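Visitor: Can you read through this structure? Questions will come right after.
The values are calculated or read from the model by the stated rules, or taken from the named source; none is laboratory data. Values in this document were obtained by computation on a predicted structure and should not be read as measured data. Cβ atoms come from the backbone with ideal geometry, glycine included; neighbour counts cover every protein chain shown. Areas reflect the complete protein model, heavy atoms only, side chains present, ligands, DNA and RNA absent. Shrake-Rupley method; radii C 1.70, N 1.55, O 1.52, S 1.80 Å.
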Amino acid sequence: MVAPDPVDARLLAVLAEQGRAAVHEIAQRLGMDPREAAMRLITLSGSGLPLLVGVECDPNGLRRALANAAAYGNYLGPPPSGSYAVHQSGPHQVQQPYGPQNPISQPFPAQPQPQATWGPPQSAGWVRADQPQPRAVSRTGKIGTALEADSLEGARLSIQLVEFVDPADFLFTAAGYKLADGERAVVVHTEVTNTSQVPYTSLPDMYLVLVTKTGETVTKAPVSLSSRPAHKLGVQPGETAGGHTVFVLPDTTDIIQVRWSVRPEVDLNTLVWTVED
């Protein structure tokens, strides 16, 4: 068996330490994208190492999530193969490829209904007579605004952008980190309230990004500040959880938006806060 590369070795070391863990938890500890961690672990499992990569779910919650996604017409399966940007402290940005994804899943077909429909598909007039129309929910706001979204598990969330600190170099250096020449730090404080009876099991800021004036995105840095605690995994029903997300970016980059998504790609649950100069 060929010796694993350094990234694989770190994955295996964390897994050996815990014995059993979710892929996104391992990825979070290493500051990796969960998709890359999953692909690497699957590859290592097939190489003869004594490890098993599995998946576990709440069947009822998953069925509800699929039904909700199909009703909104936004379940398109996993993203296509490509590359994603990893922004790390230092003068360089690293592009890391990840392996091919599974074939695109198709949404569960809706049961035929005798009621009539009106308007072209996917338009506001395409409504079944036997079902209520979706609530009108605002997906955009400014700093301080609380916006609503639904998780993949079916949890209803209210997410507030409490604070946007730019620059936050003093917070970054006070925690013992060092910025490279030409870099600056940004800290975003968000609070997530689970207003449903369904647990939210993901990391609240997993796909929180900054949007630049040129339309590019900046992903979070794999660091946490002692004076500004990071988000913890999951938000239980009725609970409000706050956390701080740290970004490191070129000093000349103009940020115009903060964007939150339940998945890596933009969808109907994506929330956007405008950052004013």
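Visitor: Run the accessible area of the stretch 183-249 with a 1.4 Å probe and give the carbon-and-sulfur part as a rounded percent.
Guide: The value for the stretch 183-249 is 50 percent carbon and sulfur by accessible area.
Visitor: Here's another thing I want to ask about it. Among the GluC sites (Glu not before Pro) in the stretch 5-65, which ones are in a DSSP loop with at most 14 other Cβ atoms within 10 Å of the Cβ? Mind listing them?
Guide: GLU56
Visitor: So how much accessible area does TYR177 have, in Å² to the nearest 10, using a 1.4 Å probe?
Guide: We get 80 Å² for TYR177.
Visitor: Figure the gain on full extension for GLU239 and CYS57 (residue separation times 0.36 nm, minus the Cα-Cα span) and round it to one decimal in nm.
Guide: Here the segment from GLU239 to CYS57 would lengthen by 63.4 nm.
Visitor: Order the following by accessible area, largest value first: VAL55, VAL272. Probe radius 1.4 Å; ligands, DNA and RNA are ignored.
Guide: So, going from the largest accessible area down, we get VAL55, VAL272.
Visitor: Moving on to the next point. If you stretched the chain out fully between ALA67 and LYS232, how much longer would it get, using 0.36 nm times the residue separation minus the C-alpha to C-alpha distance?
Guide: Here the answer is 56.6 nm.
Visitor: Using the Cα gyration tensor of the stretch 226-267, with a ≥ b ≥ c the square roots of its eigenvalues, what is the shape: rounded (a/c below 1.5), prolate (a/b larger than b/c) or oblate (neither)?
Guide: oblate
Visitor: A further question on this structure: Rounded to the nearest whole Å², what accessible area per residue is found for the stretch 145-240 with the 1.4 Å probe?
Guide: 47 Å²
Visitor: Ok, one more. What shape does the stretch 198-277 have by the C-alpha gyration tensor, where a ≥ b ≥ c are the square roots of the eigenvalues, rounded means a/c under 1.5, and otherwise prolate means a/b greater than b/c and oblate the rest?
Guide: Oblate.
Visitor: How far apart, in nanometres, would the label points at SER224 and GLU265 be if each is projected 7 angstrom from Cα along the Cα-to-Cβ direction?
Guide: 3.1 nm
Visitor: Could you tell me which of the pairs LYS142/LYS232; LYS178/LYS220; LYS142/LYS178 are separated by over 22 angstrom between their Cα atoms in the structure shown?
Guide: Long pairs (Cα-Cα over 22 Å): LYS142/LYS232; LYS142/LYS178.
Visitor: Would any residue of the stretch 13-36 have its amide N under 12 Å from a label point 7 Å out along Cα→Cβ of THR43? List them or say none.
Guide: 36
Visitor: Still on this structure, please answer the following. For the pair LEU179 and ARG139, how long in nm is the line joining their label points, each one 7 Å along Cα→Cβ?
Guide: In this crude spin-label approximation the distance works out to 3.3 nm.
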